[in-house]
Amino acid sequence: MALNRRNFFKVLGVTGATLAVGKAVKAAPAPGNNIEFSGILYDSTRCVGCQTCESSCAEANGLPAPVDTIEAGIIRKTDESHRTVVNSFKTSKGEAFLKKQCMHCNEPACTAACLTQAMYKTKEGAVIWRGNKCMGCRYCMVSCPFDIPKFEYHSANPKIEKCNMCYSRLTEGKIPACVENCPAEALIFGKRRDLIKEARKRIVEKPEQYTDHIYGEQEAGGTGFLYLAGVPFNELGLNTSIQTKSYPELSKGFLYSVPTVFVLWPAILLGIREATKNNHSNVEDDE
Amino acid sequence: MLKMMSNTEVTIAKDNDGKSIWQFLIGEFKPRGKFLTPFNIISIPVILLGLAIIVVRFWKGLGSVTNLTQEVPWGLWIGFDVVTGVAFAGGAYVLTFMVYILNMQKYHSIVRITVLNGFLAYVFYAGALLLDLGRPWNVINPIIGNSFGTSSVLFLVAWHFLLYMVAQLIEFSPAVAEWLGAKRARKILSGMTVAAVIFGITLSTLHQSGLGALYLMAKDKIHPLWYSEFIPVMFFVSSVFAGLSMVIFEGSISHKVFNQISEKNHKAHSGIIIGLSKICAVAMFAYFFLQVLVFVHGKRWDFLNTPMGYWYLLEMIGFVLFPMLLFFYSYRRNNVLLIKVAAILTMVGVILNRLNVTVIGFRWDAAIRYVPTWMELVVTITVIFTEIWIFRWVINRMPVLRDSPSWVDEKN
């Protein structure tokens, strides 16, 4: 098989395209190991269900103040105008509360899903949404295992609403509004590593008060928002069967195969084409 | 013979009557043939209604015309228009693989129409994707490079859609050149075919599977009978027989509706369909075997005796195993009619499978299930009808089904 000029350019073209595109699609979820993320620790045993976090969140983010009150057994959900809600649960130890909002995963599914980096994990640890990049495809919503991003379905210029750990306050050196205003000190803000230490300390000091587990330490590959509770977490409506691997891991294998296919396929296809060239003669009755 | 004569006349007229290219194009844009056909009578009101709904959608937001919820953010427009439509467009890469890579010249006569079908499918289904975007003005962000989300499967799929459309346009462009009588352009463009084919097959492999990979992160949301880490492989393998079934289905309609196919190709068509049925059967066997492996390996017996389990069995036995056997049987018996029946059953099965992953099995345990509104349905049908209109327009003007004009060198 002689490689003439024409074929040479064909191969060259395909290889060039391969290199250009193959590089662009290489998958690399940001490794979070050497960065110190901030987070929030929520202690359900201290929460009194006063909803101050809800109203201060609404105020800080220009959203309508919450009007509905907490009722035991009724699950309120975050939506496009409520970034956080507190629900009451009838548990084995009586009534207990649980605050819900974005978990700020170490390796978030939403940022791995986002094709424009509109969903973005900042170096501070907050997962934020950037409207100038977002094209409204809602793949973040499909991917998020906690169902956190919410979409304004009744707007011609819809936004994705979710807790962003009050990122603009963080950059001003302040702490998130919900943490600052919590009268029961159920919420604390700090470096994730310190928060885990603090949570461990509380469990060790009062083992009878706490379930021996920090929800979010391992869940979904580790989250920035961490939970302590007095009862098993499934009694508080949290998904306890969630995987401890991060969610972007699920599509990593596929993404890693892309450059391989891009290099191998054109070569194999060209090879087969050359090998079958002589079939031209006996075309009428193959099969 | 008469038809061939008239064809030649048209070509000569096009080349020599001294009309400017603009006069020629304006003439070509005028409608041809009878206007009040049954298809037109049905499709025109539907398309007008669909356009009105699309206006409302951009004016009042997605929620005004769709039943999408915060839990089910992707509905019929993604699950059917995009995911299912692209699977059916898979015939283009399979056929170009057979003809240009495996040199199976027997199928050469249906390459053009299949590529055209594939190209239009991508244009319209990517178009349907735009309807579903909340902020479509930002759609250029992942393309112009100011914010590449390279870890996103959707980023890959979006780029592949775009590049594959270009590849298909190159594959089809010789027909456009023949229509315009551009001899030199045709020579250059047909020289690019093989490169476009190789690039196109590579892209198709990745984005057909990529459409499945989109759902990999929705692990906790899809019914376990349909979720596995092999979704991408399943989507790829099923796109082979989905695409070929579409080719069989579309071919048998085209051969009835359009009376411009040469006698020779008309006669060869049965042979083509029988050959395709064999490939379908083998691909479906591989697919079914993979599904059984995933099912057994995932220890999913407990799910079988549930409503979703029966639904799964219906899909796997009624619309994969049965049409597969039908393909085998009718291939051995040379029964073209039964092959067409099998192709339709297979297409139903592919629609079921894609919808089961994306819509029906997605949030299958939710208290309130997503059911599309009639408006979502109308827009979906509008997309399909508009595509058929363009398809018909192209076929009536360009040498897609009929033979190329006489000046074309037959070797290409």
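A short reminder: the numbers here are calculations on the coordinates, not readings from a lab. These numbers were taken from a predicted model, which means no experiment stands behind them. In this analysis, Cβ positions are derived from the backbone assuming ideal geometry, glycine residues included, and neighbour counts consider all displayed protein chains.
Obtain the nm distance between the two label points defined at A:Ala275 and B:Ile26 by a simple spin-label model: each point lies 7 Å from its Cα along the Cα-to-C-beta direction.
5.6 nm
Can you list which of the DSSP-assigned H helices in chain B have a Cα extent of 15 Å or more along the long axis and an average Kyte-Doolittle score of at least 0.0?
Result, helices passing both filters: B:38-60, B:111-132, B:153-180, B:193-213, B:231-257, B:263-297, B:322-333, B:336-355, B:374-397.
For a test of the definition: using alpha carbon positions, the gyration tensor, and the 1.5 limit on a/c, classify region B:318-412 as rounded, prolate or oblate.
In terms of gyration-tensor shape, oblate.
Counting only other chains, what is the mean number of Cβ atoms within 10 angstrom of the Cβ of each residue in peptide A:243-249?
Shielding by partners across A:243-249 averages 2.
Given labels modelled 7 Å from the Cα in the Cβ direction, how far is it in nm from B:Leu180 to A:Lys77?
Distance between the two pseudo-spin positions: 5.2 nm.
Of all the C-alpha pairs in region A:38-248, what % are more than 26 Å from each other?
For region A:38-248, the fraction of Cα-Cα distances above 26 Å is 30 percent.
Please provide three numbers in whole Å: the alpha-carbon extents of chain B along the principal axes, with the largest listed first.
70, 55, 43
With 32 Å as the limit, write out which pairs from A:Lys99/B:Lys221; A:Lys99/A:Lys133; A:Lys206/A:Lys252; A:Lys252/B:Lys106; A:Lys201/B:Lys299 have Cα-Cα distances beyond it, or answer none.
A:Lys206/A:Lys252; A:Lys252/B:Lys106; A:Lys201/B:Lys299
Please work out how much length the chain gains when fully extended from B:Ile388 to B:Leu51, using 0.36 nm per residue of separation minus the C-alpha to C-alpha distance, in nm with one decimal.
Using 0.36 nm per residue and subtracting the Cα-Cα distance, I get 119.7 nm.
Among B:392-398, B:82-88, A:66-72, A:81-87, how do they line up by average Cβ neighbours within 10 Å per residue, starting with the highest?
Put in order of decreasing packing, that is B:82-88, A:81-87, B:392-398, A:66-72.
How about B:Lys264: which aspartates and glutamates have a C-alpha closer than 12 Å to its C-alpha, ignoring those fewer than 8 places off in the same chain?
B:Asp403
How about the protein assembly as shown: what cysteines have no other cysteine beta carbon under 4.7 Å from their own?
A:Cys47, A:Cys50, A:Cys57, A:Cys105, A:Cys114, A:Cys134, A:Cys137, A:Cys144, A:Cys166, A:Cys182, B:Cys280
Taking Cα atoms of region B:276-368, Rg/Rh with Kirkwood Rh, to two decimals?
Here the Rg-to-Rh quotient is 1.04.
Between region B:113-191 and region B:234-253, how far is it from one alpha carbon centroid to the other, in angstrom?
Here the two parts' Cα centres lie 20 Å apart.
So which aspartates and glutamates pass the test for B:Lys60, namely a Cα distance under 19 Å, with those fewer than 8 places away in the same chain ruled out?
Within the straight-line limit of under 19 Å, B:Lys60 reaches these aspartates and glutamates: A:Asp79, A:Glu80, A:Glu152, A:Glu161, B:Asp132, B:Glu376.
Using the basic label-point model (7 angstrom from Cα toward the beta carbon), what is the B:Ala367 to A:Lys201 distance in nanometres?
4.1 nm
Of B:Lys219, A:Lys90, how do they rank once you tally other Cβ atoms within 10 Å and put the fewest first?
A:Lys90, B:Lys219
For A:103-112, what's the mean count of beta carbons from other chains sitting within 10 Å of each residue's beta carbon?
Mean partner shielding for this stretch: 1.
As a test of the definition: which semi-axes, in Å, follow for the protein assembly as shown when you take the square root of five times each eigenvalue of its alpha carbon gyration tensor? Largest first, please.
That gives 53, 26, 25 Å for the three semi-axes.
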